[in-house]
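So the structure is just underneath, and the comments pick up after that.
Each value in this text was obtained by applying a stated rule to the coordinates, not by laboratory testing. Quick caveat: nothing in here was measured; it's all calculated off a predicted structure. In this analysis, Cβ positions are derived from the backbone assuming ideal geometry, glycine residues included, and neighbour counts consider all displayed protein chains.
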Amino acid sequence: MAGQVRSGVGPRRFRLRVGEEWFTVEVQQTGHDAVRVLVNDEPVDVELAPMSDAPAAVTPPPPAAATPPAPVPAARVAPPPAAPVRGVADPKRVVAPMPGKVVGISVKPGDRVSVGDEICIMEAMKMQQSLRASADSVVKAVHVQPGQSVAVGQLIVEME
């Protein structure tokens with residue numbers, strides 16, 4: 001985590017992107033070297049240590065046999081199930097994941113979109129976020145326009 005969690009201050013909320021997946025993260029100091037992180041409302045207790053105090057990664061010795069070692073899959077924490085407000089539960093509806101302003105619309109009715117294609121760009125707290133298609137589909141209707149303020153869960157684009 002970049003930066004420091006400030007002691008004596010209430011929880012701080014962030015939007016965190018891991019790969020193509022967005023998460024809502026809330027960080028609250030619970031002790032001198034500990035914080036509680038809420039990832040999409042699921043609590044995770046985390047211990048912090050300065051880089052100089054962190055345990056060094058241990059590299060196992062190379063195998064004695066001449067066969068190459070099997071690849072080790074990268075560690076990955078499974079994300080919690082997608083919240084309905086993100087539009088994943090209903091791929092036919094792209095909704096606002098947070099209150100903010102629509103900065104731009106990247107599609108129009110009749111456009112074909114594929115998973116991951118940008119639908120629109122929102123701005124909240126001076127940060128921009130791309131909303132992307134969660135399924136291959138065709139744009140049925142666009143319900144907002146650039147410059148419009150939207151509420152959490154407000155319908156932005158409807159798919160066929």
Under 21 Å from Lys101, Cα to Cα: lysines that are on another chain or at least 8 residues apart:
Lys126
Please list, ordered by chain and number, the residues whose modelled amide H lies under 5 Å from the amide H of Met98; skip anything fewer than 5 residues away on the same chain.
Gly153
From the phi angles alone, apply the Karplus equation (6.51, -1.76, 1.60; θ = phi - 60°) to the range 122-128 and give each ³J(HN,Hα) in whole Hz, x where the residue is Gly or Pro.
10, 10, 9, 6, 6, 10, 9
Can you give me the long-range amide H partners of Lys92? Hydrogens built in the peptide plane at 1.01 Å from N, cutoff under 5 Å, separation of 5 or more residues or another chain.
none
Highest mean packing first, using Cβ neighbours within 10 angstrom, the peptides 144-154, 97-107 sort as 97-107, 144-154
Order by neighbour count: Glu118, Glu26, fewest other Cβ atoms within 10 Å first, most last.
Glu118, Glu26
